[in-house]
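Remarks on the structure that follows.
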Amino acid sequence: MRVDLFDFDLPAENIALRPANPRDSARLLLVPGDRAMEDRIVRDLPSLLRAGDVLVFNDTRVIPAQLEGMRGEARIGATLHKRLGLRQWQAFLRNAKRVRDGDRIDFGAGVTAIAGPRDEDGGVTLDFEGEEPVEILLERAGRMPLPPYIASKRATDERDLSDYQTMFAREDGAVAAPTAALHFTPDLTAALAQTGVLTETLTLHVGAGTFLPVKADDTDDHRMHAEWGRIDQDTADRLNAARAAGGRIIAVGTTSLRLLESATGEDGVIRPFADETRIFITPGYRFRAIDGLMTNFHLPKSTLFMLVSALMGRDRMQQVYAHAIAAGYRFYSYGDSSLLLPQG
């Protein structure tokens, strides 16, 4: 399909630079199949879901994966996006043309790395020097990797250290937050439990590739970035049992959805998974694992807008986004949310 079919105009004032406070006060656009949309708030979720439904969260934790350094006289920026080994990461570099295989980059605070060859995703392998774990080095020299559409408008600050983590975050490794879950609070999850809504967690370490633009003119020519994820046997068994009992599997965020779909066979059975996924979901895809999706509002011509268009229909999602823009919904990582239920 042509990529320009997924374009739309978004006014700059609709882009959120800070999250709602409290988190569950964010707006929520309910989209029930082909029935009328409803303007709600996230705190309404317990009345919008049913006992036996399962919300599936991503428990990845964002690491301070952005580094600023020098290679000789050249200033180099690095965003780590995938761990390769104990001291080795793939990274996207700013000013990468000034870096060659074998060059040392000094990121300050005693943190240095040797650049390796280019990888197939367009990044560079970085081998960090010394004996300290890379996570310790990042705590010393790194900063939170805010999305480019926020970072271009303001500097990262102390608030982002907590604002850009979900309440479920426990597995270090993401360089972008699973932002749909940013809206959840302990009070909201307690209210959901009281209504009989179940919760499960999986892990998908979100990579910086999630922000890369689609440069191809046709979706068939786009190469999706790889991300590592895990679903254990017990979680898969509980999800299968909940669905067999009539509950709906509702992914909280496109990261949870992509991993669930990667782990599910043509028979609709979710299986254990511990591997990389490059799944690229576009209109025409048949969903096997999920019955709904809670997600923020995405960029024009992005793989994520293609994904929601596959779930609900491209024309329907163009209508949804037109309504959201006109009604003043806040877009992107710190923005408002939507609940997409293709069967109503």
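The values are calculated or read from the model by the stated rules, or taken from the named source; none is laboratory data. Note that the coordinates shown come from a computational prediction; the quantities given were computed from them, not determined experimentally. As a convention, Cβ positions derive from the backbone with ideal geometry for all residues, glycine included, and neighbour counts pool all protein chains shown. SASA here: full protein model, heavy atoms, side chains in, ligands and nucleic acids out. Shrake-Rupley method; radii C 1.70, N 1.55, O 1.52, S 1.80 Å.
Can you go through Leu299, Leu307 and tell me which one is under 22 Å from Leu204 (Cβ atoms), in contact with a helix residue (DSSP H, G or I) (Cβ under 7 Å, 6 or more places away or on another chain) and in a helix (DSSP H, G or I)?
Leu307
Regarding the range 263-272, can at least one residue be identified that is within 19 Å of Gly335 (Cβ to Cβ) and of a type in the set (Val, Ile, Thr)?
no
Test Asp157 against the stated conditions and say whether it is more than 20 Å from the chain's Cα centre (by Cα), over 22 Å from Val252 (Cα atoms) and not hydrophobic (A, V, I, L, M, F, W, C).
Here the answer is yes, as Asp157 does meet what is asked.
Taking the stated definitions as given, is Ala20 in a strand (DSSP E or B) and open to solvent by less than 30 Å² (accessible area, probe 1.4 Å)?
No; evaluated as a whole, the condition is false for this residue.
Condition check ((1) hydrophobic (A, V, I, L, M, F, W, C); (2) without any contact (Cβ under 8 Å) to a residue 24 or more places away in the chain; (3) part of a loop (DSSP other than H, G, I, E, B); (4) under 30 Å from Leu339 (Cα atoms)) across all residues:
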{"site": "Val31", "(1), (2), (3), (4)": "yes, no, no, yes"}
{"site": "Ala36", "(1), (2), (3), (4)": "yes, yes, yes, yes"}
{"site": "Leu45", "(1), (2), (3), (4)": "yes, no, no, yes"}
{"site": "Arg50", "(1), (2), (3), (4)": "no, no, yes, yes"}
{"site": "Leu55", "(1), (2), (3), (4)": "yes, no, no, yes"}
{"site": "Gly77", "(1), (2), (3), (4)": "no, yes, no, no"}
{"site": "Leu86", "(1), (2), (3), (4)": "yes, no, yes, no"}
{"site": "Ala91", "(1), (2), (3), (4)": "yes, no, no, no"}
{"site": "Gly110", "(1), (2), (3), (4)": "no, no, yes, no"}
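Could you say whether any residue in the range 320-330 is over 23 Å from Tyr164 (Cβ atoms), exposed (fewer than 15 other Cβ atoms within 10 Å of the Cβ) and free of Cβ contacts under 8 Å to residues at least 12 places away in the same chain?
yes
Do we find that Ser302 is open to solvent by 10 Å² or more (accessible area, probe 1.4 Å) and touching a residue at least 40 places away in the same chain (Cβ under 8 Å) in this structure?
Answer is yes for this residue.
Identify, please: which residue in the range 183-194 is surrounded by fewer than 24 Cβ atoms within 10 Å (Cβ to Cβ) and in contact with a Ser or Thr (Cβ under 9 Å, 6 or more places away or on another chain) and is, among those, farthest from His298 (Cα to Cα)?
Ranking the candidates gives Ala193 first.
Can you name the number of the only condition in (1) without any contact (Cβ under 8 Å) to a residue 60 or more places away in the chain; (2) surrounded by fewer than 15 Cβ atoms within 10 Å (Cβ to Cβ); (3) assigned to a helix (DSSP H, G or I) that Glu131 fails?
Against the list (1) without any contact (Cβ under 8 Å) to a residue 60 or more places away in the chain; (2) surrounded by fewer than 15 Cβ atoms within 10 Å (Cβ to Cβ); (3) assigned to a helix (DSSP H, G or I), Glu131 comes up short only on (3).
For Thr203, work out the one condition from (1) part of a helix (DSSP H, G or I); (2) open to solvent by less than 30 Å² (accessible area, probe 1.4 Å); (3) touching an Asp or Glu at 6+ places or on another chain (Cβ under 8 Å); (4) of a type outside the set (Gly, Ala, Ser) it doesn't fulfil.
Evaluating Thr203 over (1) part of a helix (DSSP H, G or I); (2) open to solvent by less than 30 Å² (accessible area, probe 1.4 Å); (3) touching an Asp or Glu at 6+ places or on another chain (Cβ under 8 Å); (4) of a type outside the set (Gly, Ala, Ser) leaves (1) as the failure.
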